[in-house]
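Notes to accompany the following structure.
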Amino acid sequence: MFNAKRVLPIALIAALLALTMYTVARPGGEPAPRSGETRQTGQTGQTGQTGEIALATEQTRQTGEIALATFAGGCFWCMEPPYDELDGVISTIAGYIGGTTPNPTYGQVTTGRTGHTEAMEVRYDPSKITYQELLDVFWVNIDPTVDDRQFCDRGNQYRAGVFYHDAEQKALAEASRQKIIDSGRFDRVVTEVTPASTFYRAEEYHQDYYIKNPLRYKFYRYNCGRDRRLEELWGD
């Protein structure tokens, strides 16, 4: 189901290791942006209030051609690629959900005190891809057996979860979770299924991080052991 890369080319590993000499570690094991990279707060990205996100939400209400799904699977950098490659997915947005602090910044969220978790808002065309298909992708990209962490990242800001937007999404999410429990594949499944609350768009340097900073992203993902663990959990 999930094809993990066991070994990176030696030359690539050497290049990545050299790169980290100039990289400052961020909380949670993710590297910081270099000096001069743009940082924006989540204030202008609150779902349903401004700009592009507000337009997409209005289009959803008027035409039904755009739907929203929200998933948390640890580091949001790693949750974008699996969805971006799907036919029917219009866009993905990295952000924060599930907390109590208004307009949180990354620095606040990483303390674990705001109650938010790093999440991914997916805008998709339901005529091309179903919510069930999005759920199927979600499960094989997380570790459902742990709470308040994912892979090398620890803290409630990295907890995994499905945040449903309506009764249908809730029913499908709960059914998919129960199916995994009933399979007996895991000793326990602790992934949350909860109603979506206010979603705040993360700072701009987090958006499409794997495209903007491919070497740093690949090193982080490899060093975090995400693919190795996913293969252990889900197989090929």
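If amide hydrogens are placed 1.01 Å from N in the peptide plane, which non-local residues have theirs closer than 5 Å to the one on T70?
Answer set, sorted by chain and number: V122, F163.
For q = 0.12, 0.18 Å⁻¹, what log10 I(q)/I(0) does region 59-158 give under the Debye formula with an equal point scatterer on each alpha carbon and no solvent?
-0.41, -0.85
Taking every pair of distinct Cα atoms and averaging 1/r, then inverting, what Kirkwood hydrodynamic radius in Å comes out for region 41-213?
This gives a value of 16.1 Å.
May I ask for the percentage of alpha-carbon pairs in region 138-195 that lie more than 17 Å from each other?
The answer is 38 percent, as a whole percent.
Report ³J(HN,Hα) in whole Hz for each residue of region 99-105, in order, from the Karplus equation J = 6.51 cos²θ - 1.76 cosθ + 1.60 where θ = phi - 60°; Gly and Pro get x.
Residue by residue, region 99-105 yields x, 10, 7, x, 6, x, 9 Hz.
Given region 88-139, report the % of alpha carbon pairs whose separation exceeds 16 Å.
50 percent
Starting from 0.36 nm per residue, how many nanometres of slack lie between N223 and Q178 once their C-alpha separation is accounted for?
13.0 nm
Quickly work out the N103-to-D136 label distance, labels modelled 7 Å from Cα along the C-beta direction, and quote it in nm with one decimal.
4.2 nm
Amide H neighbours of A119 under 5 Å, counting only residues 5+ apart in sequence or on other chains, H built in-plane at 1.01 Å?
The list, which skips near neighbours in sequence, is G95, Y96, I97.
Across region 127-143, in residue order, what do the Karplus-derived ³J(HN,Hα) couplings come to in whole Hz, using 6.51 cos²θ - 1.76 cosθ + 1.60 with θ = phi - 60° and x for Gly and Pro?
Per-residue couplings from phi come out as 7, 10, 8, 9, 5, 4, 5, 5, 4, 4, 5, 4, 4, 7, 10, 9, 9 Hz.
Computed from the coordinates by the stated procedures, all read-outs in this text should not be read as laboratory data. This one's a predicted model, so the numbers in the text were calculated from it and none came from an experiment. Positions of Cβ are generated from backbone atoms using ideal geometry, with glycine treated the same way; all protein chains shown enter the neighbour counts.
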